[in-house]
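The structure under discussion appears below in the form of structure tokens.
The numbers here are math on the coordinates, done by the rules we state, and not lab data. Keep in mind the model is a prediction, meaning the values are calculated, not measured. Note that we place each Cβ from the backbone using ideal geometry, even for glycine, and neighbour counts take in every protein chain shown.
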Amino acid sequence: MLKPIGITEGHYECRSLDETLPIFTDLLAAEIVERAEKQAVVKHPNTAWRLVIHEGGPDSKNKPHSNHYGFRVADSKEIPKAH
């Protein structure tokens, strides 16, 4: 059984960072901690959990159930056991 230490980072794809980031900052009170051309990292001030937001462009497919969430584990041997 996988014994995660915690969720530390998630990944989310959007069509436009300029349209998506205000939702996270203005509505959800997250802070932008990194920003690049097609990627930004946000976190809420009450947690160390980070969300990496990737800009896929206007032709990106809608993937409501396909975002990735990473789990930190004590040992890499736990990953194949969980699979």
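Annotations for the structure displayed:
- Judged by the mean number of other Cβ atoms found within 10 Å, the most tightly packed of the peptides 23-30, 49-56, 11-18 leads the ranking 49-56, 11-18, 23-30.
- Over all other residues within a Cβ to Cβ distance under 14 Å of Asp26, the charged ones net out to -3, with Lys and Arg as +1 and Asp and Glu as -1.
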